[in-house]
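This report concerns only the one structure given below.
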Amino acid sequence: MARNVEIKARVDNLDAIEPLAAALSGREPVSIAQDDTFFACANGRLKLRAFADGAGELIFYRRSDEAGPKESFYVVSRTDSPDTLREALTLAYGAIGRVRKQRLLYLAGRTRIHLDRVEGLGEFLELEVVLRDGETVEAGMEEARSLMDGLGVAPERLLSGAYLDLLARNP
């Protein structure tokens, strides 16, 4: 299974962070509309991500729900039929929620910087530091902390859980 180190933080103004992310990346961002449907899953989280172009990804992941940098294990399976796959998974397992967001993706080396506008929640920053085989979690955590500093994100802004959890607490 692939691994990364992740952080999620609530931010007051993505427009203020975007130039910092652009400077760290040195590349043009990619704008992505995402529609994530979550399904009941006892061993982690299972979501189907649908994109505006009709493609999708079924993503299983497992990580602790703590604030701060944390290790995440994940598997991604691409699909050309997200709508019928969503229907089948809903019938089989039950859908437990849906998260819609507009994401601006910057790449800074091996780290994905996500600037997210989440429907019903607001603005967030996510970092995903992709770990190499055999690399320690601590190395990824150090890189995440360094990027947080470069983006001006204070540790007290870090969140635990997923957007789905935040939506459940914010009806």
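A few notes on this one:
- Between Asp65 and Asn13, the contour length at 0.36 nm per residue exceeds the Cα-Cα span by 16.3 nm.
- Candidate values [x] 9.9; [y] 12.1; [z] 21.0 were compared with mean projected area of the Cα convex hull in nm² computed on the shown model; the agreeing label is [x].
- Among Ile17, Val5, Ser77 the positive-end extreme of the charge dipole of segment 2-169 (Cβ point charges): Ser77
- Given charges at Cβ of Lys, Arg, Asp, Glu: segment 2-169 dipole, positive-most of Leu151, Ala33, Gly54: Gly54
- Mean-position separation - Cα centroids, segment 121-137 and segment 41-90, in angstrom: 16
- What the phi angles of segment 74-82 give under the Karplus curve with 6.51, -1.76 and 1.60, with θ = phi - 60°, is a coupling list of 8, 9, 10, 10, 7, 9, 9, 10, x Hz, glycine and proline written as x.
- Taking 7 Å steps out from each Cα toward its Cβ at Ala55 and Glu156 produces label points 4.2 nm apart.
- Annotation: for a label point projected 7 angstrom from Cα along Cα→Cβ of Ala22, residues of segment 113-133 with backbone N closer than 15 Å are 115.
- Likely footprinting exposure, Met141, Met1, Met148, fewest C-beta neighbours within 10 Å first: Met1, Met141, Met148
- Residues whose placed amide H lies under 5 Å from that of Leu159, excluding near-sequence neighbours: Lys8, Ala9, Arg10, Gly68
- Normalised contact order of segment 2-169, rounded percent, pairs of Cα under 8 Å and 6 or more residues apart: 33
- Normalising the average separation of contacting C-alpha pairs (under 8 angstrom, six or more residues apart) by the number of residues puts the relative contact order of segment 1-61 at 19 percent.
Taken together, the values in this text are just the output of simple stated rules run on the coordinates, not laboratory data. Please read all numbers here as calculations on a predicted model, not as lab measurements. Glycine gets a Cβ as well: all are built from the backbone with ideal geometry, and neighbour counts include every protein chain shown.
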